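Comments concern the structure below.
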Amino acid sequence: MEQQFNSVYSMFCNRVQKTPDIAAYCERIDNQWKPTSWQSLKDQAQYFACALMAHGFSKGDTVNILAGNRLVWPIADLGTIAAGGISAGIYPTNSAVQCEYIFKHSECKVLVVDTLDQLNKILPVSQSLELIIVKDTVDNALDKVIQWDDFLAKGQANPQYLDNIQGITRNSDPEDIIIIVYTSGTTGMPKGACLSNRYILACCEALRHTVDAINAAIPAIYKQADEQPEALSFLPYCHVAERISGMYNRMYLGVTGYLVDDITKLYPYMLEVNPHSFAGLPRFFEKIYAKIKNDIETENGYDRDAFYRAIEFNKQVKQLIREGKNVPIQIQQAYENAEKNIFSKIRGTLGNRIMSLTSGAAPIPEEVLHFFEYGANIPIYEAYGLTEFLCGAFNTPEARKPRSVGRPMYGAQIKIASDGEILFKGPLLFSGYYKDEAATKEAIDSEGWFHTGDIGKIDEDGFLFITGRKKEFIKTSTGKKISPLLIENLCKRNHVISNVMVFGDFKKYLTALITLNTDELKGYAKINQIEYDTYENLTQHPDVVKMMESIVQSVNEQVSRTEQIKKFTILTRDFSVDQEEITPTGKVKRKIVSERFKDVIEGMYEDALNK
């Protein structure tokens, strides 16, 4: 794969040269969006870099960034890279102990935090740090602590280091490690994935090919002539997907990013900003679906029968187009009427300029995908990747299949090992785990193939399907090996279900813990006129249990007898990040959940033990 630039920072400088006065980011300050141009972003990044070097920062030193989606993040990140350093983000939700582990493991010298709360959290474990830079107003009398504006002013007062930045940029190598992304471990402390200039630039090029394919299929009626592309940036930048696609790829393509520093305001900000594209997690789309579906079923602003007729017209039109047939004029007219009065109205819940939707991290329930494609006339394109190989597979308008994560992205090679494990290879591959040669050798074999740990298959058309996790197989008392992920994902296709965890190690049959989505369950209760006093009681209501029985029965009909869930328990609350039951990226920590709900799980096997 040919690359235009030798480094991410040279790519950034090229973007500044092309569009210096266009807004790179817009930050929410005093209830208004304040833009920062690409040129201003570069100036501040250089001040940051000069201040680092004035402090004695050397090539290869590490800066940790512990902050929400605020402008300090890209400034500190790019400034660190400009100074020849390595940037490593930390989840704002991490505990002090988890932060301390990353400080020490990454050999961090400088830490950037945004709020006083974050500062107070880490001060007791900051002994290994040389300098702490704080965005919010802080007492400079604190040892090792400096206020953000004062730090940038120090850089501005030391312009002699600008020549150093130019030299570092000029001499950068594509294989230089510039960021470390700490994976959210489900079984222990996270590993630090080392990502090079080559990895990031290859990802940007792969994403450009995908974006071009999606944009080419957008109906002309949706497009706004000559508008500056704008998007929301709401996932943490310490997460690889937002770091690559939400920061560097938008930089590569010249997209303005609106920084969402409060996730609870994501939806109102979306209606305010009216982004052209949106890359979201499944949960966001499920919430939008549940709200609109509830309005449709109760005819709150919608004609229920007209909506379902519109869906049928849309299906007919799309099927005829796929078959290369002409659309009869009466169906075409009905479709156009539905687009004007129904589809556009539903799309409007995502803003009146939205043109494309993408998602990853987990499967989206089929009914949600179906709703957006046929009810809003805007498909959601699902993707698959990992921290170590982000740009793995992606569905596109011309190449997509239900339940598949798509075909290989530009530059990606995929194959299935003899044991069913998905393997990746190509310039999109990470460089290894920081200070963990053994884990690196386990992950990347002698032929350069990365072992994902996921189990899957590739069909005759080249589409990749995820079916399980290699290390999470259940072995029943009969010796049968079963992938719990496959069964869990089948259950989670229903939007009312939030999390499912299947058990059965050395047991006669499978059981499951099920947690529910609060808003969706309350909506279900409203539509079905279920009365309840507390949410906890609602989760155990006979009608809700009956609904779950129906869902589980439907799943059981799709799998073999040994893979069927024989018993399940609905929990009265969802798994929680705060209680360390799920990671910040939503992965269930099986060991912790198994221990915490041990009595509940064992209770589902009591009858079997007594037989």
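Every number here is computed from the coordinates shown, using simple stated rules; none is lab data. Source: prediction; values computed, not measured. Counting neighbours? That spans all protein chains shown, and the Cβs are built from the backbone with ideal geometry, glycine included.
Arrange the following residues from fewest to most other Cβ atoms within 10 Å of their Cβ: I497, I22.
Starting with the residue having the fewest Cβ neighbours, the order is I22, I497.
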Original post:
In the structure displayed, which of K470/K587; K34/K104; K34/K135 lie more than 25 Å apart, Cα to Cα?
Top reply: K34/K104
Original post:
What full-extension length gain, to one decimal in nm, is calculated for N341 and A438 as 0.36 nm per residue of separation minus the Cα-Cα distance?
Top reply: 29.0 nm
**OP:** State to the nearest 20 debye the size of the charge dipole of the range 25-172 about its Cα centre, where the only charges are +1 on K and R beta carbons and -1 on D and E beta carbons.
**Re:** 320 debye
Original post:
How many angstrom lie between the C-alpha centres of the range 53-128 and the range 168-231?
Top reply: 21 Å
**OP:** Treat each spin label as a single point 7 Å out from the Cα along the C-beta direction, and report the E447 to A220 distance in nm.
**Re:** 4.9 nm
Original post:
Could you give the distance between the Cα centres of the range 524-538 and the range 268-315, to the whole Å?
Top reply: 23 Å
**OP:** Calculate, for Q558 and K104, the FRET efficiency according to 1/(1 + (r/R0)^6) with r their C-beta to C-beta distance and R0 56 Å; round to the nearest 0.05.
**Re:** 0.75
Original post:
Quick one: putting +1 on the C-beta of Lys and Arg, -1 on the C-beta of Asp and Glu, what dipole do you get for the range 473-609 around its Cα centre, in Debye to the nearest 20?
Top reply: 720 debye
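What dipole magnitude, in Debye to the nearest 20, does the chain give about its Cα centre under +1 on Lys/Arg Cβ and -1 on Asp/Glu Cβ?
1120 debye
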Subject >> Over 27 Å between alpha carbons, listed pairs K415/K598; K475/K567; K191/K401; K191/K589; K18/K425 >> reply: K415/K598; K191/K401; K18/K425
**OP:** Please provide three numbers in whole Å: the alpha-carbon extents of the range 473-611 along the principal axes, with the largest listed first.
**Re:** 45, 32, 29
**OP:** Give the label of the value calculated from the structure for Rg and Dmax of the Cα atoms in Å, choosing from [x] 34.7, 120; [y] 26.9, 107; [z] 25.3, 81.
**Re:** [z]
Subject >> Gain upon complete extension [N352, L162; 0.36 nm per residue less C-alpha separation] >> reply: 64.1 nm
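Apply 1/(1 + (r/R0)^6) to the Cβ-Cβ distance of A362 and F506, taking R0 = 30 Å, and write down the FRET efficiency to the nearest 0.05.
Once the sixth-power term is evaluated, E becomes 0.60.
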Original post:
Does anything in the range 85-117 have its amide N under 12 Å from the 7 Å Cα→Cβ label point of D136, and if so which residues?
Top reply: 113-117
Original post:
In straight Cα distance, which aspartates and glutamates are under 14 Å from K508, not counting same-chain residues fewer than 8 positions off?
Top reply: E563, E602, E606, D607
**OP:** Pull out the extension gain between N31 and E175, defined as 0.36 nm times the separation in residues minus the alpha carbon to alpha carbon distance; nm, one decimal.
**Re:** 47.6 nm
Original post:
Considering the zone a paramagnetic label at K415 would reach in this model (a point 7 Å from Cα along the Cα-to-Cβ line), which residues of the range 439-477 have amide N under 13 Å from it?
Top reply: 445-451
Subject >> Label-to-label distance, nm, for residues given as I22 and V97 (7 Å Cα→Cβ offset) >> reply: 4.7 nm
